[in-house]
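The values are calculated or read from the model by the stated rules, or taken from the named source; none is laboratory data. Not measured: the values here are computed from a predicted model. As a convention, Cβ positions derive from the backbone with ideal geometry for all residues, glycine included, and neighbour counts pool all protein chains shown. Ligands, DNA and RNA are stripped out before the accessible areas are found, and what is left, the full protein with its side chains, is counted by its heavy atoms. Shrake-Rupley method; radii C 1.70, N 1.55, O 1.52, S 1.80 Å.
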Amino acid sequence: MAVWAVPLLLTLVVGCSGISSAQPWRDELATWSAATRPVGDLLRLTRTVDAATGAYYLVVHAWTGAFGDSVTALRLPSVLAMAGAAGLTGALGRRLFGAPAGLLAGLLFAVLPGTSRYAQEARPYALVTLLSVLATVLLVRALDRPGRLRWAGYAAAVAGLGLAHLLALGLLAAHAVAVLTFAAWGPPSSGVTRESWGRRLRGWVLAVSAALVVLTPLLVTAQRQRSHQLDWVAAARLADLAALPGALAHSGVVGGVLVGLAALGATRSGRRGLLPGLCVLLPVLLVFVAGLVVPLWVPRYLFFTVPFACLLAGAALAGPAPPAARELTRPAGAGLAVVALAALLGLPDQAAVRHSHGWPRSATVDYRGAAAVIAAGQRPGDAVVYAPRDGWLFLDLGIDYHLPRTAGERAAAGPRPRDVLVGEGRRDRADLWVRECDRPAGCLAGADRVWLVIAGRHDDPLTTVPGDKGDALRAGFTVEQVHPRPGVTVALLARRR
């Protein structure tokens, strides 16, 4: 079987295992809200917020239009993208270090808990990982045997990478150094002369320039949205660099093993390890340095560097092998044993990934449980109120997603509670949030029972609702039932008589 096929299939199997066990967290709810809008509304949304994720939302929009918006359907594109990334990792490893190293690199990538996490998340990180490895594979091919079609393919991959996540363009710094030093690490068969190296450099510059022309409108729009989009991110610290391997692997032990193997591979592989080494170090350092000044440092944004660390690890596990030996020989038993050991060490974290998503993992919100409480006790004419409504928890989206939505489900469960405080809906606002009515007491006037959904655990939830909304609820209602769930409390309020 081809070197790329085994890692691809293994990632597909592992990624599909328990894919719907963890309920969607707040970022995935944002994906659902955006991707299930009409295309016109989706494009208007990207002019307000989330422009950097707009292309991914369009992909998921097309996918859900064909396959629905269940948890499995929302996440399956990420599984497919991550499987493709694993296959391409094996193929690139075969090209750089030989077939055994490529196979071991792809297998190691497949068994990382972090790979499962982002394969099972309806966010763009798996797609970014696929495109980063694809762009690097196409760069190597174009440098090996330059041609217009090859440079055009590379330019398209770079444009796609930027459309999927702008911070991933830090990979271009690694590509730039790789192009400039190609005579040092490229294959002897390429016959690099000063003139042919100049043609390669011009081809790369033109390809990147074409991609950046495509990305310029997105760069401008995303810059305007940055302060709102990343207002929750703290400045980077030196300790963040030390914690990065464990954060990316979603396992401190496995992350440490990967770093150790990658360092050994970089030492053993010599000039052949230059390209993957650059693809790990330069994007991380660029984002870290920028994050010292501008809040940008979020570990999951750098997951696209993990396949390149696995390539170096695969080179270490396979041992010395001539890169020209592209046929798959039997990889060293010790190498397979180390991959198996990494898989075993990561099993607890694999289970944790399938138990809950969220960031951090301990701060999950049980949207599904809260919706189940409402569905079990709702009556016709009930209302629902959320607090808070303007943050990143998306309590309203979580309840909307898990309450019955199809005609058949609604017929069986009865009408859903009315969101009576909505003054302007999120589609009308081209936003992820609604605008609530200015006079809550008047908007609540027709409701005899209200389901109050409030963030956190509260024994007396009415006392914690701020502003005019809290005043209107306290003046008009009393608490009949309180149902605490992880990260959220649902209370049933009844009209004072």
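Shape verdict for the chain, please, from the Cα gyration tensor: rounded (a/c under 1.5), prolate (a/b greater than b/c) or oblate. Could you put the intermediate results ahead of the total?
Values: a/c = 2.54, a/b = 2.00, b/c = 1.27.
Note, shape of the chain comes out prolate.
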Angle between the chain longest axis and helix 238-249 axis [Cα atoms, degrees, rounded to 10]: 90 degrees
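How would you rank 146-157, 123-134, 283-294, highest first, on the average number of other Cβ atoms within 10 Å across their residues? Display every interim value, and only then the final one.
Working: 146-157: 17.9, 123-134: 27.2, 283-294: 16.1.
Packing order, densest peptide first, comes out as 123-134, 146-157, 283-294.
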DSSP bridge orientation in the chain - percent antiparallel, rounded to nearest 5: 75 percent
Carbon plus sulfur fraction of accessible area for region 1-97, probe 1.4 Å, in percent: 69 percent
Among PRO245, VAL233, LEU275 the positive-end extreme of the charge dipole of region 200-286 (Cβ point charges): LEU275
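Taking only protein heavy atoms and a 1.4 Å probe, what accessible area per residue, in Å², does region 95-195 have with all protein chains in place?
Accessible surface, normalised per residue, equals 29 Å².
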Residue-averaged 222 nm ellipticity for the chain, from DSSP H runs of 4+ at -39500 (n - 2.57), nearest 500: -19500 deg cm²/dmol
Degrees between helix 467-476 axis and first principal axis of the chain (Cα, 0 to 90, nearest 10): 40 degrees
Inter-centroid distance (Cα atoms) of region 449-497 relative to region 66-104, Å: 46 Å
Between 0 and 90°, nearest 10: helix 333-345 axis offset from the chain longest Cα axis: 10 degrees
Length-normalised contact order for region 1-99 - Cα pairs under 8 Å, 6+ apart - percent: 48 percent
Sulfur and carbon atoms: percent of accessible area, region 196-325 [1.4 Å]: 73 percent
